[in-house]
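The values are calculated or read from the model by the stated rules, or taken from the named source; none is laboratory data. Since this is a predicted model, take the numbers as computed values, not measurements. Here Cβ is always computed from backbone atoms with ideal geometry, including for glycine, and neighbour counts include all displayed protein chains.
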């Protein structure tokens with residue numbers, strides 16, 4: 001992979017300003033670029049960190065929540081997707097899952113390098129998926145690895161298209177929490193995290209990109225679920241799989257289930273008995 005040192009992390013607004021041109025991408029047998037973007041000496045912004053914590057209820061425990069780090073690094077990863085050699089259309093991509101490995105949490109005042117690349121282009125029943133990978137490195141050692149998987153609908157790869165997998169019937173567990181999310185949830189989170197993807201901002205802009213209405217950011221949902229359970233020390237891993245979008249406004253039921261080595265969190269639409277996401281956190 002070819003590493004490129006960058007001197008600044010772009011704003012999400014500047015990335016989305018360039019994203020419109022990616023709508024014309026209709027690749028045949030696409031290939032992901034081997035580019036690695038590197039930003040050195042990143043540090044948390046105390047104001048943005050405070051806004052993040054207030055938005056999701058994260059504790060003030062001296063370390064950086066893994067999804068605050070995601071919001072800091074993600075514009076750099078997204079900037080890969082608007083470069084000319086990235087083959088998939090950015091706008092309209094669907095966020096399927098995240099996986100995060102934390103070797104040791106980063107302290108609030110700790111400096112770190114960010115390295116981002118794309119990988120794992122794969123066929124999907126509805127198109128093609130790819131991963132954006134963000135490595136946070138201190139003194140040459142990986143401290144946090146963040147992986148986001150996205151679906152580009154309608155993109156076809158050579159070979160056999162996977163068949164749709166059967167989904168087992170959903171049986172809601174015992175509810176332990178509930179959230180009420182109003183129509184402005186996506187706009188408020190965009191102001192905190194800088195993610196102004198139109199599918200989150202209004203019914204009108206979401207419908208233009210094929211959504212039924214504005215949907216909540218997956219990262220907001222994950223960050224809020226993690227706020228009370230993410231460890232402040234040690235090594236751990238968490239992953240989240242998004243089952244169906246949270247269409248705003250929404251009422252979300254949740255079950256936080258303690259496990260021997262962590263937590264399992266389910267979230268669902270009680271009225272439709274339809275799952276929204278499943279999150280697993282495991283301490284090593």
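Among (1) assigned to a strand (DSSP E or B); (2) under 25 Å from residue 30 (Cα atoms); (3) touching a residue at least 60 places away in the same chain (Cβ under 8 Å); (4) within 16 Å of the chain's Cα centre (by Cα), there is one condition residue 129 misses while meeting the rest; what is its number?
It fails just one condition, (3).
Out of all the residues in region 158-200, which are surrounded by fewer than 17 Cβ atoms within 10 Å (Cβ to Cβ), closer than 29 Å to residue 125 by Cβ and modelled with pLDDT of 85 or more?
170, 171, 172, 173
Just for region 140-157: of the residues that are part of a loop (DSSP other than H, G, I, E, B) and under 22 Å from residue 95 (Cβ atoms), which one is modelled with the highest pLDDT?
Among those that are part of a loop (DSSP other than H, G, I, E, B) and under 22 Å from residue 95 (Cβ atoms), it is 157.
Looking only at region 199-215, decide whether some residue is touching a strand residue (DSSP E or B) at 6+ places or on another chain (Cβ under 6 Å), without any contact (Cβ under 8 Å) to a residue 40 or more places away in the chain and within 30 Å of residue 258 (Cβ to Cβ).
yes
Residue 230 is checked against (1) surrounded by fewer than 19 Cβ atoms within 10 Å (Cβ to Cβ); (2) outside any strand (DSSP E or B) and fails just one. What number does that condition carry?
(1)
Return the residues of region 164-199 that are under 12 Å from residue 247 (Cα atoms) and in a loop (DSSP other than H, G, I, E, B); say none if nothing qualifies.
182, 183, 184, listed by residue number.
If I go through region 104-126 residue by residue, how many of them are surrounded by fewer than 17 Cβ atoms within 10 Å (Cβ to Cβ) and within 19 Å of the chain's Cα centre (by Cα)?
Adding up the residues that qualify gives 3.
Anything in region 244-273 that is part of a strand (DSSP E or B), touching a residue at least 60 places away in the same chain (Cβ under 8 Å) and farther than 24 Å from residue 198 by Cα? List them, or say none.
If the condition is that a residue be part of a strand (DSSP E or B), touching a residue at least 60 places away in the same chain (Cβ under 8 Å) and farther than 24 Å from residue 198 by Cα, then 253, 254, 255, 256, 257, 266 are the ones that fit.
Does residue 221 satisfy the condition of being without any contact (Cβ under 8 Å) to a residue 60 or more places away in the chain, buried (at least 22 other Cβ atoms within 10 Å of the Cβ) and not in a strand (DSSP E or B)?
So residue 221 passes the test.
Counting residues that are buried (at least 20 other Cβ atoms within 10 Å of the Cβ) and at pLDDT 90 or above, which helices (runs of 4 or more DSSP H) fully inside region 1-89 reach at least 1?
46-56, 66-81
Looking for something touching a helix residue (DSSP H, G or I) at 6+ places or on another chain (Cβ under 9 Å) and assigned to a strand (DSSP E or B) - is there at least one such residue anywhere in region 200-212?
No.
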